[in-house]
1. Quick check: from the Cα gyration tensor, does the stretch 10-50 come out rounded (a/c under 1.5), prolate or oblate?
2. Roughly how many debye, to the nearest 20, is the charge dipole of the chain about its Cα centre, given +1 on each Lys and Arg Cβ, -1 on each Asp and Glu Cβ, and no other charges?
3. Restricting to Cα pairs below 8 Å that are 6+ residues apart, what does the relative contact order work out to for the stretch 23-74? Please round to a whole percent.
4. Under 10 Å, Cα contacts only: if you run a Gaussian network model on the chain, which one of Gly17, Gly78, Gly30 comes out with the highest mean-square fluctuation?
5. Which angle from 0 to 90°, rounded to the nearest 10, does the C-alpha axis of helix 31-49 make with the longest principal axis of the chain?
6. Relative contact order of the chain, please, whole-number percent, based on alpha carbon pairs below 8 angstrom and at least 6 residues apart.
7. If you take the Cα atoms of the chain, find Rg, then find the Kirkwood Rh from the mean of 1/r over all pairs, what is Rg/Rh?
Amino acid sequence: QDLKLINLSEQFGYSQGHICRIFKNHLRIGFVDCLTRARLKVAKRLLRQTQIPIYEIAIRSGFNFRDYFFKVFKKAEGVTPRKFRIQGQKTETR
């Protein structure tokens with residue numbers, strides 16, 4: 001499901017700004033950063049545990065655009081999703 005700030009705002013009856021403040025105050029990170037971290041966590045698990053094509057992993061983990069997924073993943077992990085998968089496979093075979 002595509003999670004958006006506006007959906008949370010409507011569901012809980014708070015303004016988008018208030019929800020952002022709640023995230024900052026309680027989690028010490030913003031809503032978008034929290035959502036991105038959660039999506040990356042799902043993507044990394046799928047890369048390690050499956051052979052699903054990377055473009056499909058991008059979609060399944062909530063990234064609507066493959067190129068954006070690659071950019072965010074590489075910035076966060078320091079390697080491309082493909083290299084991450086290969087490194088994970090080498091680690092498992094040892």
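Read the figures in this text as sums done on the coordinates, not as results from a lab. The model shown is predicted, which means the values in this text are computed figures rather than measured ones. Please note: Cβ atoms are built from the backbone with ideal geometry, for glycine as well, and neighbour counts cover all protein chains shown.
1. Note, shape of the stretch 10-50 comes out prolate.
2. Roughly 500 debye, rounded to the nearest 20.
3. Value for the stretch 23-74: 24 percent.
4. Residue with maximal mean-square fluctuation among Gly17, Gly78, Gly30: Gly17.
5. Tilt relative to the chain: about 20 degrees.
6. About 17 percent, as a whole number.
7. Ratio of gyration radius to Kirkwood radius: 1.07.
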